[in-house]
1. Taking B:GLN375 as the residue in question, decide whether it is without any contact (Cβ under 8 Å) to a residue 24 or more places away in the chain and of a type outside the set (Val, Ile, Thr).
2. For the stretch A:4-26, does any single residue satisfy the condition of being closer than 30 Å to B:TYR473 by Cβ and modelled with pLDDT under 95?
3. For the stretch A:263-283, what are the residues that are within 11 Å of chain B (Cβ to nearest Cβ), assigned to a helix (DSSP H, G or I) and either under 19 Å from the mean Cα position of the chain (by Cα) or among the charged types (D, E, K, R) (or both)?
4. If a residue counts only when it is in contact with a Gly (Cβ under 6 Å, 6 or more places away or on another chain) and either under 17 Å from B:TRP229 (Cα atoms) or not small (Gly, Ala, Ser) (or both), which helices (runs of 4 or more DSSP H) contained entirely in the stretch B:254-334 have at least 3 such residues?
5. Check the stretch A:110-133 and report whether any residue there is without any contact (Cβ under 8 Å) to a residue 40 or more places away in the chain, outside any helix (DSSP H, G or I) and more than 14 Å from every other protein chain (Cβ to nearest Cβ).
6. For the stretch A:134-165, name all the residues that are of a type in the set (A, V, I, L, M), within 13 Å of chain B (Cβ to nearest Cβ) and assigned to a helix (DSSP H, G or I).
7. Got a sec? Which of B:TYR410, B:TYR473, B:TYR445, B:TYR429 is under 20 Å from A:MET73 (Cβ atoms) and aromatic (Phe, Trp, Tyr)?
8. Name the residue that is modelled with the highest pLDDT, counting only residues in the stretch A:119-135 that are surrounded by fewer than 18 Cβ atoms within 10 Å (Cβ to Cβ) and of a type in the set (Gly, Ala, Ser).
Amino acid sequence: MNRQGFWGEVRKNKVLLMMLAPAVLFFLLFAYVPMAGIVLAFKQFNYDGGIFGSPWNGLDNFRFFFDSGNAWMVTRNTALYNIAFIIVNNVLQIAAAILLFEAVGKWFRKLTQTVMFLPYFISWVVVGAIAYNLFNYDVGTLNSILTAIGLERIDVYNTPSYWPFILVLVSAWKALGYGSVMYLAAITGIDTEMYEAAEIDGANVFQRIFHITIPNLYPTIIILVLLAVGNIFRGDFGMFYNMVGNNGLLFSSTDVIDTFVFRSLTTSNEIGLSAAAGFYQSILGFATILLANYAVRKYDKDHALF
Amino acid sequence: MQNKKSFMLLFVFVFVLAAVLSACGSNHNAGGNTGASNTPSEGSAEQTSGGTGEALVIKMLLVGGKPIEYDTVFGELNKKLKEKVNATVEAEFLDWSDWTQKYPLKFAASEDFDIAYTANWAFYNDQALKGGFLELTDEMLKKNMPLTWEAMPAVAWEQSKVNGKQYMVPNNNPEVIDKAVLIREDLRKKYNLDPVNSPETFANYVKTVAANEKGINAYNAKAADGWKWHELDQILLEQQNEWNLVDYSMPLAYKLDDASGKVFNVYDTPEFAELLNYYKDLADNNAWSKNVVSNKNDVWQDMKAGKTASYSHNLGTLAMNLAELRREQPEVELAIADLTPDKKKIAAISTQNGFAVHATSKKAERSLMVLDLLQNDKEIHDLFMYGIAGTHYEAVGEDKFNATAGTPNYTGFSNWGANSPLNRKDASYPAEADAIATEWEQKVYNFELETFVFNDANVKNEVANVGNVMLRYAIPLEYGLIKDIDKGRADLIKQLKAAGIDKLQTELQSQIDAFLASK
C-alpha cells in the first residue's frame, strides 16, 4: 500500500490535505513563525539590534520575576483560579445545556439561550464598571440594599476574601452561554434511538440524563477540559485587570501572573522581561497539558488528545 | 462543478500562501530598518543633503486625541509650510487612553514616522537610551533651526541631553511644576473656615466638608491608574519638606539644599510617618471614599458635577479648570489653594515637552526645519498651537487669545512641544493663578541635580519590583485603608528591602555622585 512512499500518499489525499492547509498555515504563521521571538527572553533588547541582533544576557530577564518574592503567589493564584473556572464553568455549562435540551417550547428555549449568551459579548471594561457600581462602598447597589434593610455595609473593594467568589461567579456568568452552546451541539448529536429505547424501557428523565446524555458527553468534556488545562497558567488579563485594577489591597488573593507582569513592566517597557514571563507561562502550560493528556491516556486511550 | 471546486481550493491555497509570504516579507523589511538605525547620527541625515528642492511629507507622531478639525487646521498649516520649506506634515494621534502602550510599540516596530512628541513623562529617556531617537548635533541644529537656535536658552539644550547627547528639541517655556489644590471656596465660606493655605487649614476644610455635606467626597483622587503615590504627596511630602524625588517609580529622594545629593528612602523618614498620621486622620474622617483606590471616574468631572470638593493638580491645569467653571457654572465658586506657600519651588526642566526625530527618519533635516517653524514662526506657531484665527480662537493683541465656540474642535493633543515665548495666554486666565505663578517664580530654587537623569539599565529588575511593592503596600497605607499604620509601614519597608531597594539606592547614589563630580 505504501509503495509510492510519501509523495504517493500526498497525491492520493491531496484534496484532504488542501482542506487542512489553511489551518496548518494559520498556525504556522501565527504560532510557529513568531515563536522565534522567544529568544527575546534571553536578550537585552534595544532598537539598534532588534529582535535577533540584541545582546544576550542569559537568565537575567527571569530574575525580576523570581526575585520579586511574588512568583509563587501569582503562579498559585493563576492556577487555582483557572482550576476553579474550569470546574465551575464546565459543570454549569453542562447543566445548562441539558436543561435547555430537555426544555419544551421553542420560544422559551431560544429566549433563554439568547439571554445566557448576552454576557459573552459584554467587554470586560464594561463588566468592571458594572461591578464597581454594584460593589462600591458609598453608593453601590449592594450596599444601598443592605442599608435599606438595616444591615451593615460591606467593604468589598478592601476585603480580599470576597474576591475569589466574585471572580468565579462573574467568569461563570460570562462564559455560560458560549460554553453551553458547545455542549448543546454535542447533545443534539447523540443518537435519538438511544433515548427512544430508554423510554420504551421505562427510564425516567434523570435516568436518561445520567445514563445516556452524560456518558455520551464524555469525549466533548474531556477535549474541552484538556484544551482549557493547557492555558491553566495564563490568567485572563482582561478580566482580572478590569475587575481589580491597581487595588493593592486585593492583590494577595487576585493577582495573577499576567496582571503582575503587566503592572511591573508597563512603565519600563522592557520587552525582554515580559518575554521571559510569557516563556515561563508557556513552559508550565506545556508541562501541564502533557501531564493531563498522559493521565487521560492511562484512563482511556481513545479519549486522549494525542 | 468539479472544476469550480478545485479552482476554489487553488484560490484559497494561493491566497493563504500569499499572506504567508507577504507577512514574512514585511518582517524582513522591518528587520532591515532596525538594522539601519545602528548608526543613528551619521546615516540618515546626510542622505538628503540639505536644500528644500524636493517636496517632502513629514510624518508626526503626536499624543492625545485627534482634534475634530484636524483637516482644516493642518490643511492651512501645510500651505504655509509648503511655501516656506517645501514640506507638508501628516500627524498620527495616539489617544490618551492607551498611548503609553502604543507609543513604545511605534518605535519597537520601527514604523515610518519622522517626528515624535516626547517628554520626560513620555518616554524621552527611555527611548533615547534604547536608540529610538536620532542624535541631533549642534551643526544640524544651527543649520536647520536658525530661529530656534537663536531663541532657545543654552540651559534648555543642556537640560535635555541624555548622557551628554542631544536627542530632543525641547520646548522653550519656563514654568513651575509645583502642585496646588482646587477647593470649593463657596463651601469654605459657608462653614466660616480660615483661608486654606497650609496642610492644617486644608485638613480642617476637608474634614468639615466631609462631616457636613452628604453625598460629596471632600477630596478625591484617581488612585487606580497605576500612580504609585498619594496624590497629595508631591505637596505634603516633597514641597513641604523641600525634597525632590528622583523618579516617581521609586521612593528615593534628596534634599534640595543638600549639595552632596545624598539619597534616602522617603518611607523610612519621620516626616513620612507623620504624614501617614495626617492621612489616616483624614481617611478616618471620611475625607475620601473608602474605595478611592478603585475609583474609575475622572476627578475633575466629578468636581464639576458637585460630587467632589477638592483635588490636586498642577497650577496650569487648575487655572484652566477654574476658567472653565466660571464660564459654565458661574454660581459655583472655586479657589486655588497653595498649601506650601513659603517653600522653595522647582522650575520645570525643558524636557517637560519637546519633539524628537525618529532614529530611522530619512527626512531628518527637513523635519528639523519644520520644527523650527512650528516653535518660532509666529504665523505657523499660532496655527499649530491655537488653530485658525477667528474660528478656533480670537486673537487679543499679540500675546493673548479668547476661547471661542470652535476652541474645543482644535485642542487636547500634545502640540506643547512647540511651546515658546510666542505662546498666547488665555485672556480669561484667572488673575489669582497668575498671581500665584508670579510669586512662585520668585521662589524658584535652582540646584545642581535639577538636570540629573537616572539610567536604570543595571537595575531594571529592582525598579520593576520596587514599583510593584509601592502599588501594593504604599498606596493602601497612604489612603488610610490599613488599620495599623505602624505595622503597615514596617511591612512596606520590609517588602522594599526584599525587592532590592538597597541595590537601587546604591546604584542611584553612585550615578548622582558621578554626575556631581562631572560638574
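1. Details: without any contact (Cβ under 8 Å) to a residue 24 or more places away in the chain: no; of a type outside the set (Val, Ile, Thr): yes.
Against the criterion (without any contact (Cβ under 8 Å) to a residue 24 or more places away in the chain and of a type outside the set (Val, Ile, Thr)), B:GLN375 does not qualify.
2. No: zero hits.
3. Step one: of the stretch A:263-283, the residues within 11 Å of chain B (Cβ to nearest Cβ) are A:263-274, A:276-277.
This time we only want the ones that are assigned to a helix (DSSP H, G or I), so: A:263-265, A:271-274, A:276-277.
Listed by number, the residues that qualify are A:ARG263, A:ALA277.
4. Values: elements: B:270-284, B:299-304, B:315-328.
Passing ranges, in order: B:270-284.
5. no
6. From the stretch A:134-165, those of a type in the set (A, V, I, L, M) are A:134, A:139, A:142, A:145-146, A:148-149, A:151, A:154, A:156; that's our starting set.
With within 13 Å of chain B (Cβ to nearest Cβ) added as a condition, the list becomes A:134, A:139, A:142, A:154, A:156.
The answer is A:LEU134, A:LEU142, A:VAL156.
7. Details: B:TYR410 fails: under 20 Å from A:MET73 (Cβ atoms); B:TYR445 fails: under 20 Å from A:MET73 (Cβ atoms); B:TYR429 fails: under 20 Å from A:MET73 (Cβ atoms).
Exactly one residue qualifies, and that residue is B:TYR473.
8. Only one residue tops the list, namely A:SER123.
The values are calculated or read from the model by the stated rules, or taken from the named source; none is laboratory data. Quantities reported herein were computed from a predicted structural model and do not represent experimental measurements. Positions of Cβ are generated from backbone atoms using ideal geometry, with glycine treated the same way; all protein chains shown enter the neighbour counts.
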